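The values are calculated or read from the model by the stated rules, or taken from the named source; none is laboratory data. All figures in this text were calculated on a predicted structure; none of them were measured in a lab. Note that we place each Cβ from the backbone using ideal geometry, even for glycine, and neighbour counts take in every protein chain shown. Please note that ligands, DNA and RNA were not included when accessible areas were found on the heavy atoms of the full protein model with its side chains. Shrake-Rupley method; radii C 1.70, N 1.55, O 1.52, S 1.80 Å.
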Amino acid sequence: MLNVGIDIGGTKIAGGIVDPEGTIVDRRRVPTPADPHALADAVAAMVDDLVTDRVVHAVGVAAAGFIDASRSVILHAPNIDWTDEPLRDELERRIGRPVTLENDANAAGWGEFRFGAGRDVRDMVMITLGTGVGGAAIIDGELLVGGNGIGGELGHIRFERGGRPCGCGQSGCLEQYASGRALQREAADIAASGALGAGLAAARTADGIVPAAAMERLIADGDAGALEAVHRVATALGEACGGFQAVLDPALFVIGGGVADLGERLLHPVREAYATALPGYGERPVASFAIATLGNDAGLIGVADLAGGRV
């Protein structure tokens, strides 16, 4: 049974035909329309282009934002002008097949759980470190969505009281301390601090930012300032994971997103900080940590697998 997975991003829509083993057998990619009213047209056109003469059961659509408990209405989206948007019904009318809506981080987490780094466990937390922090939790083999459909927003756990302002309207959220943007902020602070930041200071652009490519080079070269920036971000993430363990008790944390490309340079200090933050450490089972394996395809694959109520 084939399903279609569609992953709507702020700049692109990625789509694919996905088989029951999580393999993408055909794919498409188009720019995200600036007009949100044209977005349903673009998704429907992509589905038609993908399906052709194939027998397709259902369509899954992943998008950033809050989705209601019925998985039919996008209550709020950060990158697209949607408020209380009944997207599922609109897409079903245009496509003529069952449509499943899911938050993009949840979809990516489900993809990793079913076909990626988490395929051998029943309880898993995925944390995606991009511009912000996305989260997903799978408990006893089921995706945690919560009573209102908005569960799993792990990046917006308050990490520091009275901390840095967050785009969600609160302050001190985890994503301000453990994300790609946080890594850039830490690098800029270290660059301005003196000798430790000499390498970072030399790599800064005119606006004071250390570009991602320069950060990657400095980290690979073992630059002390760049490694300190990674350590700060990893420590924040590890400490938060200790708290998540106390509540959700996963067997595995899967770390995805661009920052996860650092691999063990990230995971080693994450594990160390997790140990300091976990209640009862040394007297209880602990979780494993792994880097996500599906990359940018995780959301597309995950939402295709969720399509038609496969959970």
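Inside region 243-301, can you point out the residues that are within 12 Å of Gly109 (Cα to Cα) and open to solvent by 70 Å² or more (accessible area, probe 1.4 Å)?
Thr293, Asn296
Has region 250-264 got at least one residue that is touching a Phe, Trp or Tyr at 6+ places or on another chain (Cβ under 9 Å), of a type in the set (A, V, I, L, M, F, W, C) and in a loop (DSSP other than H, G, I, E, B)?
no
Considering region 205-223 alone, what residues qualify as being among the aliphatic types (A, V, I, L, M) and exposed (fewer than 14 other Cβ atoms within 10 Å of the Cβ)?
If the condition is that a residue be among the aliphatic types (A, V, I, L, M) and exposed (fewer than 14 other Cβ atoms within 10 Å of the Cβ), then Ala206, Ala213, Ala220 are the ones that fit.
Is there any pair with a first residue in region 102-118 that is open to solvent by less than 10 Å² (accessible area, probe 1.4 Å) and a second that is of a type in the set (Asp, Glu) whose Cβ atoms are under 6 Å apart and which are 6 or more apart or on different chains, and what are they?
Gly118/Glu112
Going through region 154-204 one residue at a time, which ones are open to solvent by 60 Å² or more (accessible area, probe 1.4 Å) and assigned to a loop (DSSP other than H, G, I, E, B)?
Ile157, Phe159, Glu160, Arg161, Gly162, Gly167, Cys168, Gly169, Gln170, Ala192, Ser193, Arg204
One line per residue, one yes/no per condition, for (1) farther than 16 Å from Ile24 by Cα; (2) in contact (Cβ under 8 Å) with a residue 24 or more places away in the chain:
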residue: Val43; (1), (2): yes, yes
residue: Asp49; (1), (2): no, no
residue: Thr52; (1), (2): no, no
residue: Ile74; (1), (2): yes, yes
residue: Ile80; (1), (2): yes, yes
residue: Asp84; (1), (2): yes, no
residue: Asp89; (1), (2): yes, no
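State all residues of region 141-153 that are of a type in the set (Asp, Glu) and either over 15 Å from the mean Cα position of the chain (by Cα) or exposed (fewer than 13 other Cβ atoms within 10 Å of the Cβ) (or both); if no residue qualifies, say none.
Glu142
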